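Notes to accompany the following structure.
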Amino acid sequence: MTRKTVRIAMNGVTGRMGYRQHLVRSILALREQGGLDLGDGTVLWPEPILVGRREHALKALAEQHGLEHVSTDLDAVLADETVDIYFDSQVTSAREEALKKAIAAGKHIYTEKPTATGLDGALELARLANEAGIKHGVVQDKLFLPGLLKLKRLIDGGFFGRILSVRGEFGYWVFEGDWQAAQRPSWNYRAEDGGGIVVDMFPHWEYVLHELFGRVKSVQAIATTHIPQRWDENGKPYDATADDAAYGIFELEGGAIAQINSSWAVRVNRDELVEFQVDGTEGSAVAGLRNCRVQHRSATPKPVWNPDIPATEVFRDQWQEIPDNAEFDNGFKAQWELFLKHVYADAPYHWDLLAGARGVQLAELGLRSSAEGRRLDVPEIAL
């Protein structure tokens, strides 16, 4: 075996997602397993360079995990010819400029979403990357969740017949910050800092719907701020200027209708933090982060509406659990592996900056739909 060291500039790993999912559970997990075997006698050894603004925080992470390289000078890191890949998990408002710098430096790009604060910026990034001849990818982690992988297995096997509708419920109660510390950074609730649940979650819903059920043709949404005041990391009150809940209806190519509620102001009364119910002519399924259960047409019971007597059936017991039938790795790690194989073994990969731009487009149109109070078409985009 030949070991090839891959130096990856990781910008934003002091944040929750950048640290836990991308650094610890992806890159460091690859190192713990001995690297990534390309299958041709080459093993990729990822060597992260932790980049950010707070040197003390970067050094603390490096010391904790036995890493050597940290920097607060992004320009210097990008000028280093030994750095192959630039990864970005910063706050959204800082991402676009940093990605442009990395593209200009000729680095391959892997980035969290949304890729930019608007569609024009997202499309420009995709054009610049293509013109530079670099490889680029956007995190679309929900596709690699065990529950959605099981759901895709059902779709590919024709279980549903003609798919009629998709109903999605996502969210949980994010503490306001006065009684208990909030589970999300305060910038998420300030529109001026790129916050808001629409710009955060609609890009996820775009690729989930697009990949599993069909391209989104139209959107009608209501975005609102249910909790108008929150308390920041220092215990100081601030006005929440960004939406914390969104209720969307999406018309899909092929005729199916999707309804997805997204909220940081909802208390969970479901099995998982996100669930999708898919109904088709031949059967239905409910998929979450890890689990998926089904009810086939042949096993559908006959409920009778009678509000005068207690329910005599436990409806959840009438569904069948889909077995794992496979070992599911962390979804972020799985996509990192695919991207690295794309860069170093030219393996196919289509979750690129153009795919990321579709997510930005849907978020932009969702906010506009809410502001204008009408349904909007979602045109196809291309470079």
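Just wondering, is there one or more residues in region 183-197 that are over 20 Å from the mean Cα position of the chain (by Cα) and at pLDDT below 95?
Yes, there is a match, as at least one residue in region 183-197 is over 20 Å from the mean Cα position of the chain (by Cα) and at pLDDT below 95.
Got at least one residue in region 307-326 being under 27 Å from GLY137 (Cβ atoms) and either out of contact with any strand residue (DSSP E or B) (no Cβ under 7 Å at 6 or more places or on another chain) or in the same structural domain as PRO228 (by TED's automatic domain parsing) (or both)?
Filtering region 307-326 down to residues under 27 Å from GLY137 (Cβ atoms) leaves 324, 326.
Adding the requirement that they be either out of contact with any strand residue (DSSP E or B) (no Cβ under 7 Å at 6 or more places or on another chain) or in the same structural domain as PRO228 (by TED's automatic domain parsing) (or both) leaves 324, 326.
Looking for residues that are under 27 Å from GLY137 (Cβ atoms) and either out of contact with any strand residue (DSSP E or B) (no Cβ under 7 Å at 6 or more places or on another chain) or in the same structural domain as PRO228 (by TED's automatic domain parsing) (or both), one finds at least one in region 307-326, hence yes.
Identify the single condition in (1) part of a loop (DSSP other than H, G, I, E, B); (2) buried (at least 16 other Cβ atoms within 10 Å of the Cβ); (3) over 18 Å from the mean Cα position of the chain (by Cα) that GLY121 does not satisfy, given that it satisfies every other one.
It is condition (1) that GLY121 fails.
Here are some residues: ALA347, ALA334. Which one is at negative phi, not aromatic (Phe, Trp, Tyr) and not in a loop (DSSP other than H, G, I, E, B)?
The match here is ALA334.
Just for strands (runs of 3 or more DSSP E) wholly inside region 1-115: which have at least 1 residues that are of a type in the set (A, V, I, L, M) and either closer than 16 Å to TYR344 by Cβ or not assigned by TED's automatic domain parsing to the domain that holds LEU338 (or both)?
Result: 2-11, 42-51, 83-88, 108-111.
Would you please name the residue that is farthest from ILE85 (Cα to Cα), looking only at residues in region 21-58 that are of a type in the set (A, V, I, L, M) and out of contact with any helix residue (DSSP H, G or I) (no Cβ under 8 Å at 6 or more places or on another chain)?
Step one: of region 21-58, the residues of a type in the set (A, V, I, L, M) are 23-24, 27-30, 36, 38, 43-44, 49-51, 57-58.
Next, only the ones that are out of contact with any helix residue (DSSP H, G or I) (no Cβ under 8 Å at 6 or more places or on another chain) stay: 43, 57-58.
Values: VAL43: 17, ALA57: 22, LEU58: 19 Å.
Top of the filtered list is ALA57.
With (1) exposed (fewer than 15 other Cβ atoms within 10 Å of the Cβ); (2) among the charged types (D, E, K, R); (3) more than 27 Å from ARG184 (Cβ to Cβ); (4) under 26 Å from the mean Cα position of the chain (by Cα) as the list, and ASP84 as the residue in question, which single condition is left unmet?
Of everything listed in (1) exposed (fewer than 15 other Cβ atoms within 10 Å of the Cβ); (2) among the charged types (D, E, K, R); (3) more than 27 Å from ARG184 (Cβ to Cβ); (4) under 26 Å from the mean Cα position of the chain (by Cα), ASP84 misses just condition (1).
Restricting to region 19-33, what's the tally of residues that are basic (Lys, Arg) and touching a strand residue (DSSP E or B) at 6+ places or on another chain (Cβ under 6 Å)?
0
Give the residues of region 104-118 that are of a type outside the set (Asp, Glu), more than 15 Å from GLU364 (Cβ to Cβ) and either under 14 Å from the mean Cα position of the chain (by Cα) or surrounded by fewer than 19 Cβ atoms within 10 Å (Cβ to Cβ) (or both), sorted by residue number.
ALA104, GLY106, TYR110, THR111
Collect the residues in region 366-375 that are in a helix (DSSP H, G or I) and either surrounded by fewer than 24 Cβ atoms within 10 Å (Cβ to Cβ) or of a type in the set (Ser, Thr, Tyr) (or both), keeping them in residue-number order.
LEU367, ARG368, SER369, SER370, ALA371, GLU372
Within the group ARG297, ARG358, ARG374, which residue is in contact (Cβ under 8 Å) with a residue 12 or more places away in the chain and under 24 Å from the mean Cα position of the chain (by Cα)?
Values: ARG297 fails: under 24 Å from the mean Cα position of the chain (by Cα); ARG374 fails: under 24 Å from the mean Cα position of the chain (by Cα).
None of the other options fit; the residue is ARG358.
Mind checking which residues of region 95-114 are farther than 16 Å from ARG53 by Cβ and touching a residue at least 60 places away in the same chain (Cβ under 8 Å)?
ALA102, LYS107, HIS108, ILE109, TYR110, THR111, GLU112, LYS113, PRO114
Sort out which residues of region 259-279 are of a type outside the set (Val, Ile, Thr), buried (at least 22 other Cβ atoms within 10 Å of the Cβ) and within 22 Å of ARG316 (Cα to Cα), and write them in order of number.
Scanning region 259-279 gives a single hit, PHE276.
When residues of region 275-290 are filtered for being more than 18 Å from PRO301 (Cβ to Cβ) and not in a strand (DSSP E or B), how many remain?
Selection size over region 275-290: 3.
Being at pLDDT 95 or above, more than 30 Å from THR115 (Cβ to Cβ), surrounded by 10 or more Cβ atoms within 10 Å (Cβ to Cβ) and in contact with a strand residue (DSSP E or B) (Cβ under 8 Å, 6 or more places away or on another chain) is the requirement here; does GLU337 meet it?
So GLU337 does not fit the description; no.
Would you mind stating whether THR92 is in contact (Cβ under 8 Å) with a residue 12 or more places away in the chain and surrounded by fewer than 21 Cβ atoms within 10 Å (Cβ to Cβ)?
The answer is no for THR92.
Hey, could you check region 312-334 for residues that are aliphatic (A, V, I, L, M) and surrounded by 10 or more Cβ atoms within 10 Å (Cβ to Cβ) and say which is modelled with the lowest pLDDT?
ALA326
Can you confirm whether LEU58 is in contact with a strand residue (DSSP E or B) (Cβ under 9 Å, 6 or more places away or on another chain), closer than 27 Å to ASN188 by Cβ and in contact (Cβ under 8 Å) with a residue 40 or more places away in the chain?
Values: in contact with a strand residue (DSSP E or B) (Cβ under 9 Å, 6 or more places away or on another chain): yes; closer than 27 Å to ASN188 by Cβ: yes; in contact (Cβ under 8 Å) with a residue 40 or more places away in the chain: yes.
Taking the combined requirement at face value, the residue satisfies it.
The values are calculated or read from the model by the stated rules, or taken from the named source; none is laboratory data. In this text the structure is predicted, and so the values were computed from the model without any measurement. Glycine gets a Cβ as well: all are built from the backbone with ideal geometry, and neighbour counts include every protein chain shown.
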